[in-house]
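Asks: Take a look at the following structure, please.
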Amino acid sequence: MRRITWLGLFAVVFFLLAARADEAPLQGFIAANATAERQWEQKFRALPNPDNMRDDMQRLSARPHHVGSPYDKQNAEWILSKFKEWGWDAQIEEFDVLFPTPKERLLEMTGTTHFVAKLEEPAVAGDSTSNQQSEQLPSYNAYSPDGDATGPLVFVNYGLPDDYKTLDRLGISVKGAIVIAKYGGSWRGIKPKVAAEHGAVGCLIYSDPADDGYSVDDAFPQGPMRPADGVQRGSVMDFAAYSPGDPLTPGVGATPDAKRLAVKDAQSIAKIPVLPISYGDAQPLLAALGGPIVPKEWRGALPMAYHAGPSTGKVHLKLAFNWDVKPIYDVIAKIAGSDQADQWIIRGNHHDAWVNGAADPVSGQVALLEEARALGELAKQGWKPKRTIVYCAWDGEEPVLLGSTEWAETHEKDLEQHAVAYINSDGNGRGYLSMSGSNTLEHFVNDVAHDITDPETSLNVWQRLRDREISNAKTADAKKEIRDRADMRMSALGSGSDYSAFIDHLGVASLNIFYSGEDDDTGIYHSIYDDFYWYTHFADTKFVYGRALSQTIGTMVMRIADADLLPFEFNDFADTIKTYDKEVKKLADDERDQIIETNREIDDGLFAAVDDPRRPKVAPPKEDVPPHLNFAPLDNATDALVGSAQRYHTALEKGWAKGLAAGTLQDVNSGLRESERRLTTEQGLLRRPWYKNMIYAPGVYAGYGAKTLPGVREAIEQKNWEEADSEIERVSKVLTSESALIDSLSEKLESASR
Ligand SMILES: [Zn+2]
């Protein structure tokens, strides 16, 4: 009896809470539509099923499925059949792209110690897909050139520009040498690029156990980390300096009739031969290095003293590739919008892998598939999205964003007219929500995150992320900043996954969303051990974060597709631009102060005074003191943007209170869709015109890492002061134009609620 009473009470409380949730305002929805939207979203979130994800992962990762492999095509066809089964209008779009594969790989050391690298990843007992040698791509870096190089070996730490300054001070040149760099610290393609700029003739990249091996956790198969013979494959195409996608058809779709460059004219191919190796193969090479001991920060976790080199013996690196054009298969599926079918919400995750790719990309692909199944189910139950939903399973992401870039370039005109937003994922793990992308959607992403339950704590994923960020913040100020801000900050997108063509080239607002932070998947990244066995032993083994990812992105897709007013918002965006403005000013000041200080230390004889004669170092060269830059245009444009964002917010609140007519909503929506495109220029970034977004870009010397206000920031980093001033002008104009657009939307709202 008592039990029933309690249950009854719970039911009443639950009913009241549920009713409250239903009636709460929903950003972007008129009250009459908010309740229905919430109900459909709740139905949706009950549908993604971890057991399906597990089955789909086992199926998709059962065999190696890189570009050009039989299983890559079979997977695309299987994904297509699933979309059709779930009621989507789906098809495969095919492109023909340059995809080199190894014909010959030789790495040996000659001289007193003769050593030949084995360049093989062995099968592991118990891991049933690790022995599929006949279908596995050998370990290599795609878009390395052919080459036959011989030279002394030099260790260059992570192979970044600053590492070469350190080598200069040690009096070591890499001219005519083969360099060996550790994986990490930057995107891998930066390493051969910088090595070539310094005169090296070849580049080896190895995985040090300090970064993704036994220093971190037990090695596979006892634990998740990289074993002695594990190798990270990966592309070294210089996409950040040119463009991602097929190197033979830059800027246009790689359709059968496209005009193609000759391979020798493809600019984004690396300049010197480059090969990734395991630490098992690297250890004898590193042990043969002479010269000084390297700085402490350079040392790895191998049981040896790390010397910089050069080696007395020579290293011989010989690489040859099949430079074939291969077909790729993008699966494109649609649910047509019921009311505004010409507006598209696009969602993608790639399906190709370097080998079996359970974590990268299948863990993201299976979440995408469960979203698609669930949305198909809702459509059968009568849900009609207002806008068109486009789901994309991309091929050829690994060689560098081939499928998404070629599709976006082929459909450029359509996307300019129709695309509202693009939402990407590229694998998934266990832990905390990771969100990055266009800051105009920052408030929206925060909003959705409140509605998703974390599988491990039952907190909502927003709360859990915020708690972690507060706990990780290093200073009291940083903790306070998080506590005082209504929204969690969203980081900027660089490149390295399929959102790049959308945000960087077309100016389509984009997001990249996944869960991570509790498991480390770096140790099997791009190796034969990234497979079903690894994922189901060491990652999201119950696929509950797979379900959370489906729930998160699916809710976003539905909410944008159904919104009465698109969820772009400018307060967070303007606030973020303010932080960028501060950052670039500080960067210029720091750069200037540091040059003045170093010059003074040289003049005062400090370097000679502190030098250890047994370990002599060369003093750095003196540099010209940079002029002060004129940041006034950027400060003014930022202030104006903050004002415009506030005005829009106020106008919108008044508008909602008074009620907004369908015509007004439509008018404002078309302006909102334009808002990300306004951040692009026709001319694009200097020396890399494919990159048209003036706010976000991958760094020319960072690769995947984002450079915000890239024209200004990179000019300062490169000490190109005149260019920094002119780029400040250019980005300020873009921001001013954005403010004008936002003001025009505010006017529409203000006059409608007058
Ligand atoms: Zn991936």
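Listed here are the residues, each with its yes/no results for (1) crowded, with 24+ Cβ neighbours inside 10 Å; (2) of a type in the set (Val, Ile, Thr); (3) out of contact with any strand residue (DSSP E or B) (no Cβ under 8 Å at 6 or more places or on another chain).
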position	(1), (2), (3)
Gly403	yes, no, no
Lys413	no, no, yes
Asn424	yes, no, no
Leu441	yes, no, no
Thr457	no, yes, yes
Ala473	no, no, yes
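Asks: Look at Leu745 and say whether it is in contact with a Phe, Trp or Tyr (Cβ under 7 Å, 6 or more places away or on another chain) and closer than 30 Å to Trp656 by Cα.
Replies: yes
Asks: Any residue that is closer than 21 Å to Ala539 by Cβ, out of contact with any strand residue (DSSP E or B) (no Cβ under 6 Å at 6 or more places or on another chain) and open to solvent by less than 20 Å² (accessible area, probe 1.4 Å) - is there at least one of those in the range 24-47?
Replies: no
Asks: Would you mind finding the one in Val390, Val355 that is within 16 Å of the ligand (Cβ to nearest atom) and either open to solvent by less than 10 Å² (accessible area, probe 1.4 Å) or within 30 Å of Ser134 (Cβ to Cβ) (or both)?
Replies: Residue meeting the stated conditions: Val355.
Asks: Contact list please: Cβ distance under 6 Å, first residue in the range 406-435 and assigned to a helix (DSSP H, G or I), second residue within 16 Å of the ligand (Cβ to nearest atom), pairs at least six apart or on different chains.
Replies: Glu406/Gly245; Trp407/Asp330; Ala408/Ala501
Quick grid of which residues meet (1) open to solvent by 20 Å² or more (accessible area, probe 1.4 Å); (2) under 30 Å from the mean Cα position of the chain (by Cα):
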residue	(1), (2)
Ala266	no, yes
Lys271	yes, yes
Ala305	yes, no
Ala308	no, no
Pro327	yes, yes
Asp339	yes, no
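Asks: Follow-up question, since we're still on this one. Looking at the structure I just gave you, is Val366 more than 29 Å from Lys103 (Cα to Cα), within 16 Å of the ligand (Cβ to nearest atom) and of a type in the set (A, V, I, L, M)?
Replies: For Val366, the condition - more than 29 Å from Lys103 (Cα to Cα), within 16 Å of the ligand (Cβ to nearest atom) and of a type in the set (A, V, I, L, M) - is met.
Asks: Listed residues Gly253, Gly223, Gly234, Gly245; which is within 26 Å of Tyr306 (Cα to Cα) and of a type in the set (Gly, Ala, Ser)?
Replies: Gly234
Asks: Hey, among Glu676, Glu723, which residue is buried (at least 20 other Cβ atoms within 10 Å of the Cβ) and acidic (Asp, Glu)?
Replies: Glu676
Asks: Inspect the range 547-561 for any residue being of a type outside the set (A, V, I, L, M), over 11 Å from Asn428 (Cα atoms) and not in a helix (DSSP H, G or I) and give the result as yes or no.
Replies: no
Asks: Any idea which of Phe83, Phe99 is in contact (Cβ under 8 Å) with a residue 24 or more places away in the chain, over 23 Å from Ala241 (Cα atoms) and either open to solvent by less than 20 Å² (accessible area, probe 1.4 Å) or not hydroxyl-bearing (Ser, Thr, Tyr) (or both)?
Replies: That would be Phe83, the only listed residue that is in contact (Cβ under 8 Å) with a residue 24 or more places away in the chain, over 23 Å from Ala241 (Cα atoms) and either open to solvent by less than 20 Å² (accessible area, probe 1.4 Å) or not hydroxyl-bearing (Ser, Thr, Tyr) (or both).
Asks: Still on this structure: Report whether or not Gly684 is open to solvent by less than 30 Å² (accessible area, probe 1.4 Å) and more than 25 Å from Pro626 (Cβ to Cβ).
Replies: When the stated conditions are applied, Gly684 passes them.
Asks: Only one residue in Gln91, Gln133 is in a strand (DSSP E or B) and surrounded by fewer than 16 Cβ atoms within 10 Å (Cβ to Cβ). Which one?
Replies: Criteria check complete, one pass: Gln91.
Asks: Contact list please: Cβ distance under 8 Å, first residue in the range 587-607 and closer than 17 Å to Pro626 by Cβ, second residue of a type in the set (Lys, Arg), pairs at least six apart or on different chains.
Replies: What qualifies is Leu587/Arg713; Glu591/Lys719; Thr598/Lys622; Asn599/Lys622; Ile602/Lys622.
Asks: Being in contact with a Pro (Cβ under 8 Å, 6 or more places away or on another chain) and away from the ligand (no atom under 14 Å from the Cβ), is that true of even one residue in the range 406-426?
Replies: no
Asks: If I ask for residues that are part of a loop (DSSP other than H, G, I, E, B), among the hydrophobic types (A, V, I, L, M, F, W, C) and touching a strand residue (DSSP E or B) at 6+ places or on another chain (Cβ under 9 Å), which ones from the range 486-529 would you list?
Replies: Passing the criteria: Met488, Met490, Ala492, Leu493, Val508, Ala509, Ile524.
Asks: Please state which of the following conditions Glu653 fails to meet, knowing it meets all the rest: (1) crowded, with 20+ Cβ neighbours inside 10 Å; (2) assigned to a helix (DSSP H, G or I).
Replies: Among (1) crowded, with 20+ Cβ neighbours inside 10 Å; (2) assigned to a helix (DSSP H, G or I), the lone unmet condition for Glu653 is (1).
The values are calculated or read from the model by the stated rules, or taken from the named source; none is laboratory data. Quick caveat: nothing in here was measured; it's all calculated off a predicted structure. Ideal geometry is used to build each Cβ from the backbone, glycine not excepted, and the neighbour counts take in all protein chains shown. Calculation scope for accessible area: heavy atoms of the full protein, side chains included, ligands and nucleic acids excluded. Shrake-Rupley method; radii C 1.70, N 1.55, O 1.52, S 1.80 Å.
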